[in-house]
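The values are calculated or read from the model by the stated rules, or taken from the named source; none is laboratory data. Please read these numbers as outputs of a predicted model, since none were measured by experiment. Cβ sites come from the backbone with ideal geometry, for glycine too, and all protein chains shown count toward neighbours.
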Amino acid sequence: MGMRELQEEIRGLAQGDCPTRIATAGALREAKDWLYEEVRDFVERQLGIYGKTAVQDLRERHLQKTRLSNIEQRDFHTMHQLVRKMARRLSTLYSRKRKRADRGQLDFARTLRSNVAYGGVLFDTHWKQRHIDRPRVLVLCDVSGSVQAYSRFLLLFLHSLNDVLARIDSYVFTSGLAPVNAIFDRYPVAEAIDLIMAEHGFGGSDYGGMLLDLERECLAAIDHRTTVLILGDARNNQLDPRSHILQQVHQRAKRVLWLNPEPESFWNTGDSVMRNYRPYCHLARTCNTLEHLERLLDDLLKAATAS
């Protein structure tokens, strides 16, 4: 802005005894101070308008990409707001797709039938429409200590999509399978999840035991409209994986999706039995951030609304 040159000019004018030069130096000094204050006020106003939003957007983008197990308790409120924002976006997108007229395709047979009385003149045109069934989701979440954080946000996300999912049957497990729909019916979603984690969380995983309960309690209700969504690391503590039960689920369900919080390179190390389960999954994918969750649920809803 030339402030250095202005300061040197003021200093030069102030030297000597000439009243005019001294007065000019004083006027310039006052003008410089006024300009400084005006610039400062302008910058502060702009920061007030845009700064908070920019910082918030940056923070949200960071949280979307952060591994869910690394999210601190103090960020849960922000994460819940983020999940709801993402869920609203998906709900708006896929609610519109449930019944959508395709104006580019005339339903010729239906149009002819409707206009027989008019001697073939097409007064009443009909356009092709897609009627989309809302998907039914059976969700099974491991809430043992190692994956509890991931289950928290998956449940929060799913139960924020009620208007585009026909039914969500939610179960959590460490060893045995526990239905939790009744808790979601009685409490707000975030509070329900806190109660579920307090009551059922932690402990060691037994995926084979969970699948036995699934066979006894849920298998008969799984059909070609049901998407089975499993979240867990498949670490089975050297117990029987009972993968033949998941094979039956695969044969009955529309889709079986497995979300594993671990990188794929870890899936078959140590006590992981992912190799036993993967053949019976239509999709198995690493999922450990909000960004991953949103992409997966977007894929789920996109498959449900496909022609």
TODO: Residues that are under 21 Å from SER175 (Cβ atoms): find the helices (runs of 4 or more DSSP H) completely inside segment 195-307 holding 2 or more of those.
DONE: 207-217, 243-252, 274-277
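So which of LEU195, LEU229 is under 16 Å from LEU155 (Cβ atoms) and surrounded by fewer than 16 Cβ atoms within 10 Å (Cβ to Cβ)?
Answer to the selection: LEU195.
Do the conditions hold for ARG285, that is, is it under 20 Å from LEU155 (Cβ atoms) and surrounded by fewer than 15 Cβ atoms within 10 Å (Cβ to Cβ)?
On the way: under 20 Å from LEU155 (Cβ atoms): yes; surrounded by fewer than 15 Cβ atoms within 10 Å (Cβ to Cβ): yes.
So ARG285 passes the test.
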TODO: Take SER243 and decide whether it is buried (at least 21 other Cβ atoms within 10 Å of the Cβ) and either farther than 15 Å from TYR280 by Cα or touching a helix residue (DSSP H, G or I) at 6+ places or on another chain (Cβ under 7 Å) (or both).
DONE: no
Task: Single unsatisfied condition, THR286 versus (1) modelled with pLDDT of 95 or more; (2) closer than 30 Å to HIS77 by Cα; (3) in contact with an Asp or Glu (Cβ under 7 Å, 6 or more places away or on another chain) - done: (1)
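If you check ARG167 against the conditions, is it closer than 29 Å to TYR94 by Cβ, free of Cβ contacts under 8 Å to residues at least 24 places away in the same chain, assigned by TED's automatic domain parsing to the domain that holds HIS244 and basic (Lys, Arg)?
Numbers: closer than 29 Å to TYR94 by Cβ: yes; free of Cβ contacts under 8 Å to residues at least 24 places away in the same chain: no; assigned by TED's automatic domain parsing to the domain that holds HIS244: yes; basic (Lys, Arg): yes.
For ARG167, the condition - closer than 29 Å to TYR94 by Cβ, free of Cβ contacts under 8 Å to residues at least 24 places away in the same chain, assigned by TED's automatic domain parsing to the domain that holds HIS244 and basic (Lys, Arg) - is not met.
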- [ ] Check LEU28, LEU47 and return the single one that is surrounded by 12 or more Cβ atoms within 10 Å (Cβ to Cβ), at pLDDT 85 or above and either assigned to a helix (DSSP H, G or I) or more than 60 Å from the chain's Cα centre (by Cα) (or both).
- [x] LEU28
Open item on the list: Considering only segment 202-209, I want to know if a residue exists there that is in contact (Cβ under 8 Å) with a residue 12 or more places away in the chain, in contact with a helix residue (DSSP H, G or I) (Cβ under 9 Å, 6 or more places away or on another chain), more than 18 Å from LEU177 (Cβ to Cβ) and not basic (Lys, Arg).
Closed with: no
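Sort out which residues of segment 174-189 are assigned to a helix (DSSP H, G or I), buried (at least 17 other Cβ atoms within 10 Å of the Cβ) and aliphatic (A, V, I, L, M), and write them in order of number.
From segment 174-189, those assigned to a helix (DSSP H, G or I) are 181-186, 189; that's our starting set.
If we keep only those that are buried (at least 17 other Cβ atoms within 10 Å of the Cβ) as well, we get 183-184, 189.
Hits for segment 174-189 are ILE183, VAL189.
Looking for whichever is out of contact with any strand residue (DSSP E or B) (no Cβ under 7 Å at 6 or more places or on another chain), at negative phi and free of Cβ contacts under 8 Å to residues at least 40 places away in the same chain here; the options are ASP240, ASP271, ASP298. Which one fits?
Numbers: ASP271 fails: out of contact with any strand residue (DSSP E or B) (no Cβ under 7 Å at 6 or more places or on another chain); ASP298 fails: free of Cβ contacts under 8 Å to residues at least 40 places away in the same chain.
Residue meeting the stated conditions: ASP240.
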TODO: Being farther than 23 Å from LYS85 by Cα, surrounded by fewer than 17 Cβ atoms within 10 Å (Cβ to Cβ) and out of contact with any Gly (no Cβ under 8 Å at 6 or more places or on another chain) narrows it down to one of GLY208, GLY204, so name that one.
DONE: GLY204
Task: Number of the condition not met by THR125 [criteria: (1) farther than 20 Å from LEU211 by Cα; (2) at pLDDT 70 or above; (3) of a type in the set (S, T, N, Q); (4) assigned to a loop (DSSP other than H, G, I, E, B)] - done: (2)
TODO: Collect the residues in segment 235-252 that are among the hydrophobic types (A, V, I, L, M, F, W, C) and at pLDDT below 95, keeping them in residue-number order.
DONE: LEU239
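Determine if segment 135-147 includes at least one residue that is modelled with pLDDT under 75, closer than 24 Å to THR78 by Cβ and over 19 Å from the mean Cα position of the chain (by Cα).
Yes, there is a match, as at least one residue in segment 135-147 is modelled with pLDDT under 75, closer than 24 Å to THR78 by Cβ and over 19 Å from the mean Cα position of the chain (by Cα).
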